[in-house]
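Student: Right, I'll just put the structure down here and ask away after.
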Amino acid sequence: MLEAQLTALKKFTRDMAADYLCRSKRTLEKWQERNFGPPFYRDGRHTYYPLDDLIAWREAQMKRRGGGQ
């Protein structure tokens, strides 16, 4: 059920992305400053993370760290 709700969304706010990645909002801000982390885009003063890119980035990180299947 949760997965279906997530896929209904096309983009996550920074707060939502931080929750999804189990990281703090500040960590995502720091990553953004360092050109690291999942792809994002800005709309005015708001930062958004496309859901497909967020999922792909998370899976790539898990595989890189040996946590992937």
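The values are calculated or read from the model by the stated rules, or taken from the named source; none is laboratory data. These figures come from a predicted structure and were not determined experimentally. Neighbour counts are summed over all protein chains in view; Cβ atoms, including those assigned to glycine, are modelled from backbone coordinates with ideal geometry. Heavy atoms of the whole protein, side chains included, go into the accessibility calculation; ligands, DNA and RNA do not. Shrake-Rupley method; radii C 1.70, N 1.55, O 1.52, S 1.80 Å.
Student: Which ³J(HN,Hα) values, rounded to whole Hz and listed in residue order, are derived for the stretch 43-57 from phi using the Karplus coefficients 6.51, -1.76 and 1.60 in 6.51 cos²θ - 1.76 cosθ + 1.60 with θ = phi - 60°, glycine and proline given as x?
Tutor: Result, rounded to whole Hz: 10, x, 9, 9, 10, 10, 10, x, 4, 4, 5, 5, 5, 4, 5.
Student: Okay, next question. Let me check I've understood the local charge: for SER24, count other residues with C-beta under 11 angstrom from its C-beta, Lys and Arg +1, Asp and Glu -1. What total comes out?
Tutor: Summing Lys/Arg as +1 and Asp/Glu as -1 gives +2.
Student: Return the long-range amide H neighbours of LYS11 (sequence gap of 5 or more, or a different chain), with a cut-off of under 5 Å between placed amide H atoms.
Tutor: Answer set, sorted by chain and number: LEU51.
Student: Give the carbon-plus-sulfur fraction of the accessible surface of the stretch 28-67 in %, rounded to a whole number; probe 1.4 Å, heavy atoms of protein chains only.
Tutor: 45 percent
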